[in-house]
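Peer 1: What follows is a structure written as structure tokens; I'll ask about it next.
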Amino acid sequence: MVKNYKSTISKIRSLSAFICVYLWLIFLSSNVFAQTISGIVTDQKNAPVENAEITLTNQTKIIARTASDADGRFSIDLQNSNNSLLVVKASGFADFSRILPPNFSETLSIILEPQTLRDEVTVSITRTESRLSETPASVVVLSRETLDTTAAQTVDDSLRQIAGFTLFRRSSSKTTNPTTQGANLRGLAGSGASRAAVLLDGLSLNDAFGGWTFWSRVPQIAVEQAEVLRGGASAFYGDQGLSGAVNLRTSSFNETSETPIFRVQTSAGTQKTYDASLFTAYGKRGWNFDLALESFQTAGYIPTAESERGTIDTRANSRHQSGILTIERNFSPQRRGDAGNYDGRLFLKTNIFAERRDNGTSLTNNQTYFRQFAFGADFSGEKIGNFQFRSFIENQTYDQTFSAISNNRSTETLSRIQRVPSQAFGANLFWTKVFSAKHVVSSSLEFKQTRGFSDEIIYVNNRQSSLVGAGGNQQIFGVFAQDVWRVSGKLTLNFGARFDFWENKNALSATRNLANNLTTATNFPDRTENAFSPRVAALYQINRNFSLLASYAKSFRAPNLNELYRAFRVGNVLTQANENLQSERADTFETGVNFTGLARKLNLRGNFFVAEVARPVVSITVSTAPNLITRQRQNVGKTRARGVELDAEYSPFTKLKLSASYLLTDSRVADFPANPLLIDKFLPQVARQQLTFQTAYRPTEKLTFSLQSRFSDAQFEDDLNTLRLRPFSTFDVFASYKFPKNVEIFSAIENLFNSRYDIALTPNRSVAAPRFVRIGLRFAL
């Protein structure tokens, strides 16, 4: 262990030295300058563009602003700054941006192009802000407008519009067990833990103990934009980003316009479903506040297929409350001698979440109580760049009951009661700066510690048999660096890398036999691992219509405490823990092409990818009996996913928007020396094909109609590919009407044609929720 520790320290020192030398070489090429910049703004027909907004920014701060006159001309003074970004915006046109080199003295001739579907979108999921059309990655964005015009009630159901985004099971987070809500992209999952990093305003939403995501923690009314990155993202987010990342950005108070935000929404629907949510943001004199609240309940439905139901089958239902409060203090720029201008921000954020679920039988239920407190600070200066500090501490208690069910589903006996208390805390420091007119450099240091235990009461023949406890601690440390290099107006390169070191320690398992009161205990040895995750990407703009994308990334996922030490049971399937699990390692290659045409109203994107995962954690069948299927989480030798992604967006006129997304993936076991019979089997819970389609139509400013549809190929419940979940299709519709004074009435129907498609085989068949209809009111200020 000491040898591994010294080796790790040596690697960290070498990486840090490389970063310092690299940044120093870039810094030597930058200097400070003073100048007046002038130019003219025209459209493609050489007609002047009046009232175009021209801004100069340095890091995240606007340092100068003006507008073009009737002839399209402008001039702007710039003092004591370098590496400034010039941005030109005008209504109906795509944004123009250019990093100005030191001592720039040319007269600018800026030709604006018509705005496309992707030009106006800015994303930050790759850790630096950039326009979507200029981001060298496979990124899909759902805007606030899109979220407001979908029938989906939850964030995860809205994200299913993106082919390749799935939870472990096909069902919605409204009624499914939270341990199956891990997010996955491109079909890399082999178990319920999330293979994608999920963040809310830069803070992780992945459960620290089990890796799944409590989607109900996020009131959808607060989300301004959802960004999905497909492909290895460990270079950005460490062990959570094996298959990609999801970044949810909430709305915030605009200090420039000083416009407060106030939204209220409530609805009622079938299955005795009621929800109410609120989001408000307000600021004054440098103090900003935002508050998001949500309350939800549904009586749910009986998930067991009607032909297989017994007397023990009941409704799967849920109820939850969530609240997020943020208090922020902004500091205005101040002149401090030769130190330059500085901006600062401090904020406190707290999130409280509670939920309870009944899981479809009389004796199975779970409940969660979660509390999180976060502190953050931003500091930016012209010479030093932009610093962001984030820290958090969270506490969670998760309770669940399990049962054994007779073959005819007429009797049910309690098999275990489980309580899982967990705590986590962590911090990260992020820095970014523009260098030498062409480089946007960033780096970060991150640390997280998690402590969790699973305390269980085991029942045999309706009597307490034993007490079992297992758990441990996990520490993760990571360092990250990235350079976005605009080589020319057509070529952008992205170089990034991250080194992670983690340790599992103080792990133990103890069993107390209540019949003889004897206790047996096992202390597991401390374990360490590390991972190096580089990423290289390139985006080349061939012409105004075509661009090419290529990337390579290594990514990884460390087994979480849940997989190492907690067992669970679903129906008659028992899944055992495995304290010997090792980390998953992935290599992802992808290449693609983007096309914009038809007067820039059409955007097409196509990507081909290959992802090979070494040692993926998969639930492997150990034994099969009439009343019990036993599985264990194990490292499989290697899996391989090869596929194609296609995305299309078309807006023939402003009132109509069409979009579609398609995924074809072949995700199989490529090597498994311990069990060669599984080679060439499909990974469980991965559909070979997925297709989604959306349309939104606004015939008037007051009236909105939309349609969403999803098609999914068959997939297998198990590693042996014997339990087949059949293909399905489903359609959702939405309509709304706006009244005066910002009041809107809406109606939504999910699963319009009442498709009762398969969601699980345990081995009894469970089916999706029936047609769901709701009507609601919105108020937005």
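The values are calculated or read from the model by the stated rules, or taken from the named source; none is laboratory data. In this text, all values refer to a predicted model and were calculated from it rather than measured experimentally. Neighbour counts run over all protein chains shown; Cβ positions are idealised from the backbone, glycine included. What goes into the accessible areas is simple: the full protein's heavy atoms, side chains included, and nothing from ligands, DNA or RNA. Shrake-Rupley method; radii C 1.70, N 1.55, O 1.52, S 1.80 Å.
Peer 1: Calculate, for the chain, the solvent-accessible area per residue in square angstrom, rolling a 1.4 angstrom probe over the heavy atoms of the protein chains.
Peer 2: 42
Peer 1: A further question on this structure: Restricting things to alpha carbons, tell me how big the stretch 401-472 is in terms of Rg and Dmax, in Å.
Peer 2: Both quantities, over Cα of the stretch 401-472: 24.3, 73 Å.
Peer 1: Rounded to the nearest 10 degrees, what's the angle between the helix 2-28 long axis and the longest principal axis of the chain, both from Cα atoms, 0 to 90?
Peer 2: 20
Peer 1: For the stretch 700-747, what is the convex hull volume of the alpha-carbon atoms per residue, in Å³?
Peer 2: Output value, Cα hull per residue: 93 Å³.
Peer 1: Work out the length of the dipole vector of the stretch 556-637 about its Cα centre, built from +1 on the beta-carbon of each Lys and Arg and -1 on the beta-carbon of each Asp and Glu, and round it to the nearest 20 debye.
Peer 2: 340
Peer 1: Give me the lysines in straight-line cross-link reach of Lys349: C-alpha distance below 25 Å, same-chain residues under 8 apart excluded.
Peer 2: Within reach: Lys61, Lys284, Lys448.
Peer 1: Compute the distance from the alpha-carbon center of the stretch 620-654 to that of the stretch 240-275, in whole Å.
Peer 2: With the stretch 620-654 and the stretch 240-275 each reduced to a Cα centre, they are spaced 29 Å.
Peer 1: Give the Rg/Rh ratio for the stretch 558-643, taking Rg as the radius of gyration of the Cα atoms and Rh as the Kirkwood radius, to two decimals.
Peer 2: Value, to two decimals: 1.25.
Peer 1: Work out from phi, with θ = phi - 60° and the Karplus expression 6.51 cos²θ - 1.76 cosθ + 1.60, the ³J(HN,Hα) of each residue of the stretch 274-289, listed in order in whole Hz, and give x for Gly and Pro.
Peer 2: Result, rounded to whole Hz: 9, 8, 8, 9, 9, 9, 9, 9, 8, x, 7, 6, x, 9, 10, 9.
Peer 1: Given 37 °C and 0.692 mPa s, compute D for the stretch 215-363 with the Stokes-Einstein relation, Rh being the Kirkwood radius over Cα pairs; round to the nearest whole µm²/s.
Peer 2: 172
Peer 1: Further question: Measure out, as a whole number of angstrom, how far apart the alpha-carbon centroids of the stretch 742-765 and the stretch 560-592 sit.
Peer 2: First find each Cα centre; the distance between them is then 29 Å.
Peer 1: Rounded to the nearest 500, what is the chain's calculated 222 nm mean residue ellipticity when only DSSP H runs of at least 4 contribute -39500 (n - 2.57) each, over all residues?
Peer 2: For the chain, the value works out to -1500 deg cm²/dmol.
Peer 1: Please name which of Thr397, Pro303, Asn365 has its Cα lying farthest along the dipole of the stretch 270-416 towards the positive end, using unit charges on Cβ (Lys, Arg +1; Asp, Glu -1) and the Cα centre as origin.
Peer 2: Ranked along the dipole, the leading option is Thr397.
Peer 1: Then there is this: Carbon and sulfur atoms: what percent of the 1.4 Å accessible area of the chain do they account for?
Peer 2: Whole-percent figure for carbon plus sulfur exposure: 57.
Peer 1: Separate question: Taking the highest mean first, how do the peptides 172-183, 146-157 order by number of other beta carbon atoms within 10 angstrom per residue?
Peer 2: 172-183, 146-157
Peer 1: So, one more: Roughly how big is the stretch 213-279's charge dipole about its Cα centre, with Cβ charges of +1 (Lys, Arg) and -1 (Asp, Glu), in debye to the nearest 20?
Peer 2: Here the stretch 213-279 has a charge dipole of around 280 debye.
Peer 1: If you don't mind, another one. Per-residue HN-Hα couplings for the stretch 396-410, Karplus 6.51 cos²θ - 1.76 cosθ + 1.60 at θ = phi - 60°, whole Hz, x for Gly and Pro?
Peer 2: Karplus values, whole Hz, x for Gly and Pro: 9, 10, 10, 10, 8, 10, 10, 9, 10, 10, 5, 4, 8, 6, 9.
Peer 1: HN-Hα J couplings of the stretch 669-677 from phi, Karplus 6.51/-1.76/1.60, θ = phi - 60°, integer Hz, Gly and Pro as x?
Peer 2: Those phi angles translate into 6, 9, 7, 7, x, 6, 8, x, 5 Hz.
Peer 1: Bin all alpha-carbon pair distances of the stretch 100-227 at 10 Å intervals from 0 and give each bin's fraction as a whole percent.
Peer 2: Values per bin, smallest distances first: 11, 36, 31, 11, 8, 4, 0.
Peer 1: Using unit Cβ charges (K, R positive; D, E negative) and no other charged atoms, how large, in debye to the nearest 20, is the dipole of the chain about its Cα centre?
Peer 2: 820
Peer 1: Below 8 Å between Cα atoms, with a sequence gap of 6+, how large is the relative contact order for the stretch 155-228 in percent?
Peer 2: The normalised contact order for the stretch 155-228 reaches 25 percent.
Peer 1: Something else about it: Can you give the translational diffusion coefficient of the stretch 502-612 in µm²/s, computed by Stokes-Einstein from the Kirkwood radius over Cα pairs at 37 °C and 0.692 mPa s?
Peer 2: 174
Peer 1: First select every other residue whose beta carbon is under 13 angstrom from the beta carbon of Ile221; then total the charges, Lys and Arg +1, Asp and Glu -1.
Peer 2: After counting each charged neighbour, the total is -3.
Peer 1: Suppose we keep just the alpha-carbon trace of the chain; what are its Rg and Dmax in angstrom?
Peer 2: Rg and Dmax of the chain, Cα atoms, are 26.9, 93 Å.
Peer 1: Report relative contact order for the chain in percent, whole number only (criteria: Cα-Cα under 8 Å, sequence separation at least 6).
Peer 2: Result for the chain is 10 percent.
Peer 1: Out of residues 5 or more away from Tyr301 or on other chains, whose amide H comes under 5 Å of its own, with H placed 1.01 Å from N in the peptide plane?
Peer 2: Here the answer is Ala316, since their amide H atoms fall under 5 Å of that of Tyr301.
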